[in-house]
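Please read the structure below before turning to the comments.
The values are calculated or read from the model by the stated rules, or taken from the named source; none is laboratory data. The model shown is predicted, which means the values in this text are computed figures rather than measured ones. For neighbour counting, all protein chains shown are included, and Cβ atoms are generated from backbone atoms with ideal geometry for every residue, glycine included. Ligands, DNA and RNA are stripped out before the accessible areas are found, and what is left, the full protein with its side chains, is counted by its heavy atoms. Shrake-Rupley method; radii C 1.70, N 1.55, O 1.52, S 1.80 Å.
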Amino acid sequence: GRSLTAYCGWYVTRVLDLKSSRGQAFAVLSGGTHHLRTPVAKQHDQPFEVIPDDTWLPSWRRSEVRQEPVTLVGQLCTP
């Protein structure tokens with residue numbers, strides 16, 4: 001299924017957290033290495049689009065990253 005949709009569909013996931021390490025921004029996605037590995041293994045960028053969601057239930061301030069590159073990683077921080 002993932003192999004088929006990788007070429008003709010969308011992989012939709014949630015951003016769980018935004019982190020910064022050594023001056024680089026990382027978006028931790030609800031997914032893992034098995035979802036993000038194919039593009040890396042084939043040495044190409046996986047295009048993506050951020051779809052805004054105004055729903056924010058936690059009581060703490062919502063993190064954001066603007067105007068800088070972000071590396072997409074899985075829950076185990078595997079890019």
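Quick one: Gly1 ticks every box in (1) open to solvent by less than 100 Å² (accessible area, probe 1.4 Å); (2) at pLDDT 70 or above except a single one, so which number is it? That leaves (2) as the condition not met.
Residue-wise test of (1) among the acidic types (Asp, Glu); (2) touching a Ser or Thr at 6+ places or on another chain (Cβ under 9 Å); (3) at pLDDT 85 or above; (4) assigned to a strand (DSSP E or B).
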site	(1), (2), (3), (4)
Ala6	no, yes, no, no
Ala25	no, yes, yes, yes
Val28	no, no, yes, yes
Leu36	no, yes, no, no
Trp56	no, no, no, no
Ser59	no, no, yes, no
Arg66	no, no, yes, no
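Given the condition surrounded by fewer than 10 Cβ atoms within 10 Å (Cβ to Cβ), within 19 Å of Gln75 (Cα to Cα) and modelled with pLDDT under 85, answer yes or no: does some residue in the stretch 38-45 qualify? Among the residues of the stretch 38-45, at least one is surrounded by fewer than 10 Cβ atoms within 10 Å (Cβ to Cβ), within 19 Å of Gln75 (Cα to Cα) and modelled with pLDDT under 85, which makes the answer yes. Scanning the stretch 15-28 for residues that are exposed (fewer than 10 other Cβ atoms within 10 Å of the Cβ) and among the charged types (D, E, K, R) returns a single hit, Arg22.
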